[in-house]
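The values are calculated or read from the model by the stated rules, or taken from the named source; none is laboratory data. Because the structure is predicted, anything quoted here is derived from the model rather than measured. All Cβ positions, even for glycine, are placed from backbone atoms using ideal geometry, and neighbour counts span all protein chains on display. Just so you know, the surface numbers come from the protein's heavy atoms only, side chains and all, with ligands and any DNA or RNA stripped out. Shrake-Rupley method; radii C 1.70, N 1.55, O 1.52, S 1.80 Å.
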Amino acid sequence: MAERQDIHDLSSSEFLEKVHSFEVWFQSVEGYLSGLEYGHAENAVDDPMTDVDRERLISVLCNYCVGETAALEGASGLIRIAPNRLAKIFLSTQVVDEGRHLEVLLHRMSDLGVADPEGEIARRASPSLVAFKRRLLELVDFGDWEAAILAQNVILEALEFAVFRRHAETADRITSEVLYGIVKDERRHIGFGENELGRRLRATPRLSTRLLAVKRELDHLVLDALETTARSIGVDVGERETLARMYLESVRRLGLEG
Ligand SMILES: [Fe+2]
Ligand SMILES: [Fe+2]
């Protein structure tokens, strides 16, 4: 079938057209979302959980909701300033993904007995993550395409990818299934960010100075949010440093160091 042509055989413009499409998006998500209910097996029942564990999980989910809301609002705002139509189409698939992530996380909180998710998120959100969200949306509002893509599709996505994947390994069954589904989408979003910025940095090397300044500004917020969340999901000091290195490595891959 022509649609199944090996993506690596495509020219670079054909590659971009294919990857930035609802066709590829749908083929990607139908494999792991069909038959699920709010991101997990239908009628799944929670394992017993202590009150302390439930409270800790709710706080972590509140922070995940801040990150997902940042990505949802950021991706939708970026559609307007995207430099071409293929990027707009990709971002519209990301908006759908981020809206779904937010929905399944809010639903998970209601499963855990949270009656007022908005109130809990406002009470429990990490100030660093809230500051990161505010700065990301400022970059979007300012129309700075490269800086906003760095903040959202590389930095925020790398943070979420590292933390969600680690949390999924030890979380209760339902939370774990929800997170593994989200991680699969975040991998696609990081791919877009790395491809978009990689091409621009090769074409305009001096761009790296400006992006490095944005990275330096955001690093401490990201690393503080990572530290707080990783501690809440039971990650010890040594492994928290590994997670922080994973995050830093994803930015370093673009050649942005320092
Ligand atoms: Fe997300
Ligand atoms: Fe994402």
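Observations
- Against the chain, whose longest principal axis comes from its Cα atoms, helix 85-111 is set at around 0 degrees.
- Charge tally in the Cβ shell below 13 Å around L201, where Lys, Arg are +1 and Asp, Glu are -1, L201 excluded: +4
- The Stokes-Einstein estimate for the stretch 135-180, based on a Kirkwood radius over Cα pairs and taken at 20 °C with 1.002 mPa s viscosity, is a diffusion coefficient of 182 µm²/s.
- Computed 3J(HN,Hα) for the stretch 127-137, one whole-Hz value per residue from the Karplus formula 6.51 cos²θ - 1.76 cosθ + 1.60 where θ = phi - 60°, is x, 5, 5, 5, 5, 4, 4, 4, 5, 4, 5, glycine and proline marked x.
- Inter-label distance for H220 and K184, nm, one decimal - labels placed 7 Å from Cα along Cα-to-Cβ: 4.0
- In terms of packing, defined here as the mean over residues of other Cβ atoms within 10 angstrom, the peptides 202-209, 143-150 line up highest first as 143-150, 202-209.
- Fully extending the segment from L86 to A213, taken as 0.36 nm per residue of separation minus the present Cα-Cα distance, adds 42.9 nm.
- FRET efficiency, E23 to T50 (Cβ-Cβ, R0 45 Å, nearest 0.05): 0.50
- Ranking by accessible area, most exposed first, for M49, M109, M246 with a 1.4 Å probe: M246, M49, M109
- Reference-scaled alpha-carbon Rg (2.2 N^0.38 Å with N residues) for the chain: 1.01
- The accessible area of E55, taken with all protein chains in place and a 1.4 Å probe, comes to roughly 90 Å².
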